[in-house]
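Asker: The following block contains the structure, expressed as structure tokens.
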Amino acid sequence: MIELPAERVAAAAGGTLLAGDPERGGPKRAVIDSRAVESGDLFVGLPGATADGAEFAPAALEAGAWGVLVAEDHREPALAAARGSRNGSQAVVIAATDPLAALQRLATAWRRELGCKVAGITGSTGKTSTKDILAALLRPRAHTHSSRENFNNQIGLPLTILETPPGTEVLVLEMAMRGEGEIAELAAIAAPDVGVIVNVGPVHLELLGTVERVAAAKAELIRDLPSGAACVVPASEPLLVSHLREDLDTWTFGPGGHVQLLAMDAGRAEIEARGERIELELPYREPYNLLNTLAAVAAARAVGVGVGGRLEVQFSSLRGEIVELPGGVVVVNDCYNANPMSMRAALDHLADSPAERRIAVLGTMAELGADSVRYHREIGAHAAALAIDLLVTVGDAALAYTDGFAGETQSVATPEEAGALLEELARPGDRVLVKGSRSVGLERVLA
């Protein structure tokens, strides 16, 4: 619950309180989808590409919303809806010039009220898994809240902050970007105490052009940390060296870093973190998630929380989910997103996994700019070098994978066709990787 009275909610958002008791206790959380409104929620009507969310304020109030926050030009319809709602005079109506900016300002105010430690996590790949791992490390020892699924942008991040309950000791926030200035915007809202950059790679090149500019955009998180804060970076990433600051407590992870994996045996990881020996019992063994674990351990120690023991982690959906199909076929459903770094890591893990045959169902890697064909061709060659048995490409843009692949290939136009092909070709003992950028919709392969 956002423990601010209605008048302070309005003031924090930079809006005007038009209706409702100024001393009324604050809302439970903020939501932007009227269909998700529950009793006690603050509905924020954001303008969209096809509809203005403010038009759904009456429905939100009818569903029992604590109140609504709408643009100035929607104040009269919102007031009329409040008067006629089941909450009547209790319903709060706030008007603001820019509802999105108001949502963000309110989130910043609540973050200050919480007074908890905040860890912000970004990276070209693996940031969601690192967020999930860090939250799992912290929860046994500290009251922890973290971003749900992909609540990681200029809307999702403030919504996450505004659903954080009082008493939270550590807030773990994922921060996504597509261009310059976006991480800075999220850092201004969240004011993190620890900034984590998991890695830097060729993503969003259509907008940024070079990996160096990707690194600079990610490093906005380092740049905007307050003096004395901590940052966590890969030990082997030269593109971040020029962005490091002497007034920050810098933790490096990976080979040669402050946090290293000393041994991994039968699910038990022995880790050294600045001379401290830590033992974790892990439910996974993928090399990329072991590296993500080192980043998470560094972040946990940077916020002053000790870690160790058995790790119970629930990864966000569509990220390495293991699906066992009838007939003994195992599918790795990793279709939330893809770039050259994550694609190589997923293929490496596929090649290292026991199976009768290894099948890769790959959609395009989006936003790679002028070198997109080359990147796809290189991934095809990497799959060939790993002796992947069958490569299935989905969509015209993914055909470039086959240019570098010397083995058996099949090409289909849609995820549904890929699913039908798997039903025909997959045999007991096969292991199938399904991976591509979110825009391809590869989750429909298993529909």
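The values are calculated or read from the model by the stated rules, or taken from the named source; none is laboratory data. Just so you know, these numbers come straight off a predicted model, no measurement behind them. As a convention, Cβ positions derive from the backbone with ideal geometry for all residues, glycine included, and neighbour counts pool all protein chains shown.
Asker: Name the residues in segment 306-336 that are of a type outside the set (Gly, Ala, Ser), surrounded by 17 or more Cβ atoms within 10 Å (Cβ to Cβ) and out of contact with any strand residue (DSSP E or B) (no Cβ under 7 Å at 6 or more places or on another chain), would you?
Answerer: Val313, Phe315, Arg319, Tyr336
Asker: Same structure, new question: Do any strands (runs of 3 or more DSSP E) entirely within segment 361-447 hold 2 or more residues that are among the hydrophobic types (A, V, I, L, M, F, W, C), and if so, which?
Answerer: Working: elements: 390-394, 408-412, 431-435.
Qualifying strands (runs of 3 or more DSSP E): 390-394, 431-435.
Asker: Still on this structure: Has segment 15-32 got any residue that is under 21 Å from Leu162 (Cα atoms), among the hydrophobic types (A, V, I, L, M, F, W, C), in a helix (DSSP H, G or I) and outside the structural domain of Leu159 (by TED's automatic domain parsing)?
Answerer: Within segment 15-32, none of the residues are under 21 Å from Leu162 (Cα atoms), among the hydrophobic types (A, V, I, L, M, F, W, C), in a helix (DSSP H, G or I) and outside the structural domain of Leu159 (by TED's automatic domain parsing).
Asker: Can we say Ser129 is more than 30 Å from Asp21 (Cα to Cα), under 12 Å from the mean Cα position of the chain (by Cα), surrounded by 23 or more Cβ atoms within 10 Å (Cβ to Cβ) and touching a residue at least 24 places away in the same chain (Cβ under 8 Å)?
Answerer: yes
Asker: Restricting attention to segment 420-435, and to residues there that are crowded, with 17+ Cβ neighbours inside 10 Å and modelled with pLDDT of 95 or more, which single residue is farthest from Ile322 (Cα to Cα)?
Answerer: Looking only at segment 420-435, we keep the residues that are crowded, with 17+ Cβ neighbours inside 10 Å, and these are 421-422, 426, 430-435.
When the remaining residues are screened for being modelled with pLDDT of 95 or more, the result is 421, 430-435.
Values: Leu421: 19, Asp430: 13, Arg431: 10, Val432: 10, Leu433: 10, Val434: 11, Lys435: 13 Å.
For segment 420-435, the residue satisfying everything is Leu421.
Asker: So Ala384 clears everything in (1) in contact (Cβ under 8 Å) with a residue 40 or more places away in the chain; (2) surrounded by fewer than 21 Cβ atoms within 10 Å (Cβ to Cβ) except one condition, right? Which one?
Answerer: Against the list (1) in contact (Cβ under 8 Å) with a residue 40 or more places away in the chain; (2) surrounded by fewer than 21 Cβ atoms within 10 Å (Cβ to Cβ), Ala384 comes up short only on (1).
Asker: Exactly one condition in (1) among the acidic types (Asp, Glu); (2) more than 27 Å from Thr144 (Cβ to Cβ); (3) surrounded by 14 or more Cβ atoms within 10 Å (Cβ to Cβ) is false for Glu23; which is it?
Answerer: (3)
Asker: Ala266 is checked against (1) farther than 30 Å from Gly441 by Cβ; (2) in contact (Cβ under 8 Å) with a residue 24 or more places away in the chain and fails just one. What number does that condition carry?
Answerer: (2)
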